[in-house]
Amino acid sequence: MQNFILLLNFNFGELTSDIYSAKIGLSCLKVKMNVNVLQGFRCLENVMESVRFYSRGKKIFGNLHLPFEGAACIITLHGLESHKDSNKWLAVASRLYMEGFACLRFNFRGCGVGLEKSEGDFEDTCLTARIEDYRAALRFLEGTGKVDLERLGVIGSSFGAMVAIAAGEKRIKAMVTLASPYKIPWPTHSKILREEDGYIMLPSGRRLKKSFIEDLESYDLLRLVKNAPPILIIHGGSDELVPVEHAYRLYEAACEPKRIEIVENADHTFSKSLDKVLPLIVEWFKKFLVARGCFQ
């Protein structure tokens, strides 16, 4: 557990923590935060902006966390059946914000809960469609003028990590993947998926069109990862869905700078291991984004 003191003086204040200090222009505020994974997200409610943008005519719901204008920004890409408001992504956004990073969370088409479920049908999901949503998020950030577009990073989990790799976005300067597969087998070769009436059935009972796998097969992630920016590959040693072999294959195929971290006893969602994962994420983005910009 770490204690952070945030001091913002009128006009040009000083943001101080036990990690770095930086000059920013915000109004007077003094906050003491005790940070431990999910703690601190309550503090973000007043600095989190609900945002909307469009992808293929469908409304996408998101949240932009902005510690100050001109901050380096991290885009989060959730997994196949997940959403932007899972405990993991709230924890990630909270920690990034308190380390001075902006963070954009959003729900892919057909994903989300309640009033912030993005438009579209989940069964239409495919890798190409999610890449389109990801690029729509990047266009949205460009249009805001609020973040440093020269210091953009991405963190994707599971299928979201596949999106990050497959997109090959040159605007991204650093990448973190969590529990990423390098391929998903056909249902006939899968212990998780099954085919039924022309659809691919997921263990949850939700379904995808058969074209999901056909589209996926058009992407060679072991080739595409060679074009990734500096990449940190994090995988749970006890991942029950994606064997750790996938992490090693991606790491072997990636170019330098690269790093791999296998988190002992961690499951697919890092449900009990975020305290180990969050510092790794922050360290990587600081190395390749903060050093490039205003925190020198």
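Taken together, the values in this text are just the output of simple stated rules run on the coordinates, not laboratory data. Since we're looking at a predicted model, the values are computed, not measured. Every residue, glycine as well, gets a Cβ built from its backbone with ideal geometry; the counts of neighbours run over all protein chains shown.
At a glance:
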{"quantity": "Ranked by how many other beta carbons lie within 10 Å on average, peptides 165-171, 176-182, 91-97 from highest", "calculated": "176-182, 91-97, 165-171"}
{"quantity": "Rg over Rh [alpha-carbon atoms, Kirkwood Rh] for the stretch 69-170", "calculated": "0.95"}
{"quantity": "Per-selection Rg to Rh, the stretch 124-234 - Cα, Kirkwood hydrodynamic radius", "calculated": "1.02"}
{"quantity": "Cut-off 13 Å between beta-carbons: net charge of the residues surrounding LYS146, Lys and Arg +1, Asp and Glu -1", "calculated": "-3"}
{"quantity": "Sorted peptide list for 79-86, 103-110, 142-149, criterion being average Cβ within 10 angstrom, highest first", "calculated": "103-110, 79-86, 142-149"}
{"quantity": "Ordering of 154-162, 215-223 by packing [mean C-beta count within 10 Å, highest first]", "calculated": "154-162, 215-223"}
{"quantity": "Relative counts (whole %) of C-alpha pair distances in the stretch 148-296, using bins that are 5 Å wide", "calculated": "2, 9, 18, 20, 18, 15, 10, 5, 2, 1, 0, 0"}
{"quantity": "Restraint check, LYS59/LYS286; LYS84/LYS183; LYS59/LYS226, Cα-Cα greater than 29 Å", "calculated": "LYS59/LYS286; LYS59/LYS226"}
{"quantity": "Computed lengthening from ASP215 to TYR248, 0.36 nm per intervening residue step minus Cα-Cα distance", "calculated": "9.5 nm"}
{"quantity": "Sum of side-chain charges, LYS272 neighbourhood, beta-carbon under 12 Å (Lys, Arg +1; Asp, Glu -1)", "calculated": "-1"}
{"quantity": "Rel. contact order, % - alpha carbon contacts under 8 angstrom, at least six apart, the stretch 37-292", "calculated": "17 percent"}
{"quantity": "Radius of gyration, Dmax [the stretch 169-252; alpha carbons; angstrom]", "calculated": "14.5, 43"}
{"quantity": "Net lengthening on full extension, SER271/GLU142 (0.36 nm per residue, minus Cα-Cα)", "calculated": "43.2 nm"}
{"quantity": "Coordinate range along principal axes, alpha carbons of the stretch 55-119, Å, largest first", "calculated": "31, 24, 18"}
{"quantity": "Environment charge at VAL263 (Cβ cut-off 11 Å; Lys +1, Arg +1, Asp -1, Glu -1)", "calculated": "-3"}
{"quantity": "Reciprocal of mean inverse Cα separation for the stretch 37-292 (Kirkwood radius, Å)", "calculated": "18.2 Å"}
